[in-house]
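Asker: Got a structure for you, questions after.
The values are calculated or read from the model by the stated rules, or taken from the named source; none is laboratory data. No experiment lies behind these values; they were computed from the predicted model shown. Positions of Cβ are generated from backbone atoms using ideal geometry, with glycine treated the same way; all protein chains shown enter the neighbour counts. For accessibility, only protein heavy atoms count, side chains too; no ligands or nucleic acids. Shrake-Rupley method; radii C 1.70, N 1.55, O 1.52, S 1.80 Å.
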Amino acid sequence: MNDSEDTAGVVAPPPLIFVAGLIVGFALEALLPGVDLPALVEWGVGPLLVVAGLALLLWFNTLFSRRGTAVEPWKPTTAIVTTGPYRFTRNPAYLGMALTYLGIALMSSAVWVLLPLPIVLAVIDRGVIVREERYLERKFGEEYLSYKRTERRWI
């Protein structure tokens, strides 16, 4: 595998995909009538989702650093991580980003921000995860396929 083939070939950096969804959602929120969410949702559930999402992202980053493999999906992967949150989901980083996105929307009482989220998740699933999985299958073969059979893509 040469250097140009030793990447997943994702459509865009995943954080930018989520940020683009937030920008579109907040633009919709500015243009369309808003809704006030109950305080428990806005100040109870929202912050919990942000904290849970950020914790998953920190855990993911820590595990990748310990294994000496790149966090960025446009760089070569040198190891498969199967510990920590990877025992429950193959994609804790994207799950963490999705939880953070949802928490930001709830904390902002911005229901229109939720509208682009399914599109964001579809782009992440098809434009990032599927490409990463093909790459990992090609690079690691049975080691990755065996892991893939035991853990779900999301949750």
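Asker: Which whole-angstrom value gives the distance between the alpha carbon centres of the range 95-139 and the range 68-93?
Answerer: Cα centroid of the range 95-139 versus Cα centroid of the range 68-93: 16 Å apart.
Asker: Could I ask something else about it? Let me know the charge dipole size of the range 87-143 about its Cα centre in debye, to the nearest 20, where only the beta-carbon of Lys, Arg (+1) and Asp, Glu (-1) is charged. Show your work: numbers first, answer last.
Answerer: Values: 7 positive and 6 negative charges, 13 e Å.
Roughly 60 debye, rounded to the nearest 20.
Asker: What number, rounded to the nearest 500 deg cm²/dmol, is the helix-based mean residue ellipticity at 222 nm of the chain, given -39500 (n - 2.57) per DSSP H run of at least four residues and division by all its residues?
Answerer: Value at 222 nm, helices only: -17000 deg cm²/dmol.
Asker: Tell me the label-point distance for the pair residue 52, residue 142, using the 7 Å Cα-to-Cβ offset, in nm and rounded to one decimal.
Answerer: Here the modelled spin labels are 3.8 nm apart.
Asker: I've got another one for you. Let's test this: bin the Cα-Cα distances of the chain at 5 Å from zero up to the farthest pair and state each bin's percent.
Answerer: Per 5 Å bin, starting at 0, the Cα pair percentages come out as 2, 9, 16, 20, 19, 13, 9, 6, 4, 2, 0.
Asker: Ignoring ligands, DNA and RNA, what accessible area per residue does the chain give at 1.4 Å, in Å²?
Answerer: Using a 1.4 Å probe on heavy atoms only, each residue of the chain averages 54 Å².
Asker: While we're on this one: Ignoring ligands, DNA and RNA, what percent of the 1.4 Å accessible area of the chain is carbon and sulfur?
Answerer: 67 percent
Asker: Provide the FRET efficiency to the nearest 0.05 for the residue 151-residue 72 pair, computing r from the beta carbons and using R0 = 22 Å.
Answerer: 0.50
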